[in-house]
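First the structure, in the form of structure tokens, and then the observations on it.
The values are calculated or read from the model by the stated rules, or taken from the named source; none is laboratory data. As the structure is a computational prediction, the values presented were derived from the model and not from experiment. Here the Cβ positions follow ideal geometry from the backbone for every residue, glycine too, while neighbour counts run over all protein chains shown.
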Amino acid sequence: MRFDVVVMGGGLAGYTCAITLLDSGLSCALMSIGQSALHFSSGSMDFLNALPNGERVYKPEAALEKLKELAPEHPYSLMGAEKTKAMALEAERLLNNWGILVSGSFTEGNHLRLSPMGKLLPTWLSQKDVFWVKGDEKPLWEWKKVSIVTVKDFLDFSPEIISAQLNDLGLQTKISSFTLPDLEILRENPSEFRSVNIARVLDKKENRPLVLAELKKATDCDALILPACLGLNHPSFISELSKELGIPVRIVPTLAPSMVGARINNHLHREFLARGGVSMPKDVATAYTFKDPDAETLTIEKIFTANHGDIPIRPRHVILATGSFFSKGLYADMGKIKEAVFELDLLDYPDQREEWTKYDFFAPQPYAGFGVKVDENMRTFKKGKLVTNLKAAGLVLGGFNPVLQGCGAGVALVTALVAAQSVLAEE
Amino acid sequence: MNPLLSTNFDACTKCTICTEYCPVSQVRPAFAGPKQSGPDGERQRLKDAAFYSEALKYCTNCKRCEVACPSNVHIGDEIALARKKFAPYNLSPRDAILSHTDFMGSMATMAAPIVNFMANLAPTKFFLDKFLGIPSWRSFPRYANKTFRAWFSDNAPDQSVYKDTVTLFHGCFVNYNNPSLGKDALKLLNALGVGVRLLAGERCCGVPLIASGFFQDALDNATTNKASIEKALENTERIVIPSSTCTMTLRDEYPEVLQIDNSSWRDRIDLLPRYFYRLLEEGRELKFKPMEKVVAYHTACHMEKLGWTAYSIDLLRLIPGIKLILLPSLCCGIAGTYGFKKENSPTAQKIGEPLFDLIKGSGCSLVVSECETCKMQIEMCTGLPCENPVTILADALI
């Protein structure tokens, strides 16, 4: 099968790169091993929340020079501050163009989002209906009193914990809950009384007025906070509620599955298909060939996959956006870390397995920074040789710790755009 | 074969993504969802068979859970295997009628005009609804006056003039209901310079039998088919199939659910568009006349599982003037015989609603799908024709 581009990986980086390339007129197939880690994401996107030494970042733009000193292999450092900024602004523009409406901006600096455990955490972009507040160390509340309204018996959201945290931060809170007759049938199966299933019920046209009526009872406040279990299939639901109720309504991500994350994934998937992209779900590369394995540089000629058997994919360009360990882009055996598809060159990592992890689970884990080595154009290498038609993007890359530094989404978006540019420059 | 090894159930990380993509649990909460029914339930069933839940029969075997799973757990297989092991024998005459397609098809085609006429009479529908539990509002597939096999042996153009030959596994729908799809396949294969043979003995692939819990009958069919296929492969390179579900069953359900070893020929089973693709890659040609139509491509559940939509999409794009819309991959709800069962039909309709809305809103005048029951469901629920890509390609052939 012939495609201009094959993207391996269906997460934020993979879809971003694929959609950008389709928009430039290239034919594109996207292969994924299963649904992506977006389904566990907060629905907000971080750019850079902390430096490798733990120092908190308020304005990512101002921190890029220092980041380069501390982490020269970080993808932002490889690209340089100017390009990183340009790509960040481009990502903001594209997301909104694609209909993923986000608040926040790279130039203004980080704002604060609310975690499912009620902690205010810095972030770059939040979906418009997600709870966020301006501020860096301290939130700059526009509200005095908020109402937290949950769905009765919904266990993946803890209004009491969130309320206590918000009280400590100077907000008055009130907790209430509601249920609808249609939800009763979901309760027959308590273990699956989860955000996405609830959203499917609440989003129904006939239930929207009932939700509105329930929320009206809690409007003696400046804003309403709801768990993210509505607005999946009808994304403007929250803004419609705000309008009807006359006060801001915001949703907070719940424990997994994350409706706000799944919503981004579904949206990107539809944008991909709408541009004629060919989806290859649940497939994995089993073998590949180079055009001339002994040449100075390598060029991928064919990729064989589990589903396509003896019929190879013959891409002109390949984007590797397979993610990190959890998404199976990287693999650790007893003595070695491997990039799972092409065994690409990785950034240096310790020989001793004991040094890959820290015993304290909450300490920064060294393995989180392992990954594929690239140049500033996201080009990859195998045994020291450049692989001319293979670019990598997202969490499969090394040189950064997305947990400690809060930069996973930013790296995914920015490197995906650079990888796409890199492909287009060669066209 | 050890099912514990083959279903990979201990790889489940409890992430719940499977349940998120389960068409049934979205609309029918009595079904506990794939995670609970599959890997979670398996853990319990291993301890005590009493944990087996009858609600597992609400699974449509669509396999969307397996496609969604990031940890490669064979969730759908696990549910099917649990049903095979624990479900009581199905005594429902209705289920026997719906799932034994060969028996029903051979009887009905003998008197097709009468059967088609009778099937749509109000008293028949009333009887089927009240006494058998087949909803009266549902339209039935019409039976053909002559089976595809009979047409092939009596009327097909001479296939021995072609140097290359391939074996066609036509499937029940082509044989009893829609022989014209089989003729379309023949037309395209002949145009590509390939002659067609049929299997000496072809039985229903078995998927409706698996769905209704007639596992022994499914196994009997699979054993017969395996023998026929192995015999046919002595003389032809490949077996080609028009239907995505038959293809998926022969490739994946035989080893994973029925424990039939197909390892020596699994890779020689092709969906027709995939086989056409091979021939075109060899340099053979198909010439199409323009077709100024907006056509919406629907990914049937088992196409999603096969992962082979690219071949059909690639081929359809060869037709000049065609505007192909790729619909998001959603289940139409029918799931073979599932939607024909009265107790399931509200679920089937609810599952399909988002897809029907997308189709109606797409501005297309024709839907394309490799699945015959998706065709029935989409035609009934959207009023638009739905054809196999093979038919569309054959129509456009110069």
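Scanning the stretch B:52-74 for residues that are in contact (Cβ under 8 Å) with a residue 24 or more places away in the chain and small (G, A, S) yields B:A55, B:A68, B:S71.
For the stretch B:356-378, the set of residues classified as touching a Ser or Thr at 6+ places or on another chain (Cβ under 9 Å) and either crowded, with 24+ Cβ neighbours inside 10 Å or in contact (Cβ under 8 Å) with a residue 60 or more places away in the chain (or both) consists of B:I359, B:V367, B:V368, B:S369, B:E370, B:C371, B:E372, B:T373, B:C374, B:K375, B:M376, B:I378, listed by residue number.
Among the residues of the stretch B:21-49, write down those that are among the hydrophobic types (A, V, I, L, M, F, W, C) and within 12 Å of chain A (Cβ to nearest Cβ). Across the stretch B:21-49, the qualifying residues are B:C22, B:V24, B:V27, B:A30, B:F31, B:A32. If you go through the stretch A:41-58 and keep only what is touching a strand residue (DSSP E or B) at 6+ places or on another chain (Cβ under 6 Å) and either farther than 28 Å from A:L255 by Cα or aliphatic (A, V, I, L, M) (or both), you end up with A:M45, A:A50, A:V57. With a requirement of 2 or more residues that are over 18 Å from A:N197 (Cβ atoms) and of a type in the set (S, T, N, Q), the strands (runs of 3 or more DSSP E) lying completely within the stretch A:240-295 that satisfy it span A:285-290. Taking the condition assigned to a strand (DSSP E or B), in contact with a Leu (Cβ under 7 Å, 6 or more places away or on another chain) and either within 14 Å of chain B (Cβ to nearest Cβ) or aliphatic (A, V, I, L, M) (or both), does A:V201 pass? No: the conditions fail for A:V201. Taking the conditions (1) under 21 Å from A:A392 (Cβ atoms); (2) more than 14 Å from every other protein chain (Cβ to nearest Cβ); (3) out of contact with any Leu (no Cβ under 6 Å at 6 or more places or on another chain) in turn, A:P75 satisfies each one other than (3).
Of the helices (runs of 4 or more DSSP H) entirely within the stretch B:267-363, those holding at least 1 residues that are at the interface with chain A (Cβ under 9 Å from one of its Cβ atoms) and either among the hydroxyl-bearing types (S, T, Y) or more than 25 Å from B:C205 (Cα to Cα) (or both) occupy B:272-281, B:309-316, B:345-361.
Does any residue of the stretch A:204-213 turn out to be buried (at least 20 other Cβ atoms within 10 Å of the Cβ), more than 22 Å from A:S126 (Cα to Cα) and at pLDDT 95 or above? So far as the stretch A:204-213 goes, yes, one or more of its residues are buried (at least 20 other Cβ atoms within 10 Å of the Cβ), more than 22 Å from A:S126 (Cα to Cα) and at pLDDT 95 or above. Has the stretch A:263-280 got at least one residue that is within 30 Å of A:S191 (Cβ to Cβ), facing chain B (nearest Cβ under 10 Å) and among the hydrophobic types (A, V, I, L, M, F, W, C)? Looking for residues that are within 30 Å of A:S191 (Cβ to Cβ), facing chain B (nearest Cβ under 10 Å) and among the hydrophobic types (A, V, I, L, M, F, W, C), one finds none in the stretch A:263-280, hence no. Take A:E271 and decide whether it is surrounded by fewer than 16 Cβ atoms within 10 Å (Cβ to Cβ), touching a residue at least 40 places away in the same chain (Cβ under 8 Å) and not hydrophobic (A, V, I, L, M, F, W, C). No; evaluated as a whole, the condition is false for this residue.
With the condition being in contact with a strand residue (DSSP E or B) (Cβ under 8 Å, 6 or more places away or on another chain) and polar (S, T, N, Q), I'd like the strands (runs of 3 or more DSSP E) fully within the stretch A:298-409 carrying at least 1 qualifying residues.
Strands (runs of 3 or more DSSP E) meeting the threshold: A:300-305, A:379-382, A:385-392.
Applying the criterion of being at pLDDT below 95 and of a type in the set (A, V, I, L, M, F, W, C) to the residues of the stretch B:133-171, the residue that is surrounded by the most Cβ atoms within 10 Å (Cβ to Cβ) is B:A144. In the stretch B:257-305, of all residues being exposed (fewer than 13 other Cβ atoms within 10 Å of the Cβ) and of a type in the set (S, T, Y), the one that is nearest to B:I79 (Cα to Cα) corresponds to B:S263. Among the residues of the stretch B:50-95, the ones that are away from chain A (no Cβ under 11 Å), surrounded by fewer than 23 Cβ atoms within 10 Å (Cβ to Cβ) and of a type in the set (S, T, Y) come to 4 in all. Among the residues of the stretch A:323-340, none qualifies, meaning not one is in contact with a Leu (Cβ under 7 Å, 6 or more places away or on another chain), surrounded by 24 or more Cβ atoms within 10 Å (Cβ to Cβ) and β-branched (V, I, T). The set of residues from the stretch B:321-353 being surrounded by fewer than 20 Cβ atoms within 10 Å (Cβ to Cβ) and farther than 19 Å from B:K63 by Cβ comprises B:G321, B:I322, B:K323, B:L324, B:I325, B:K342, B:E343, B:S345, B:P346, B:K350, B:E353.
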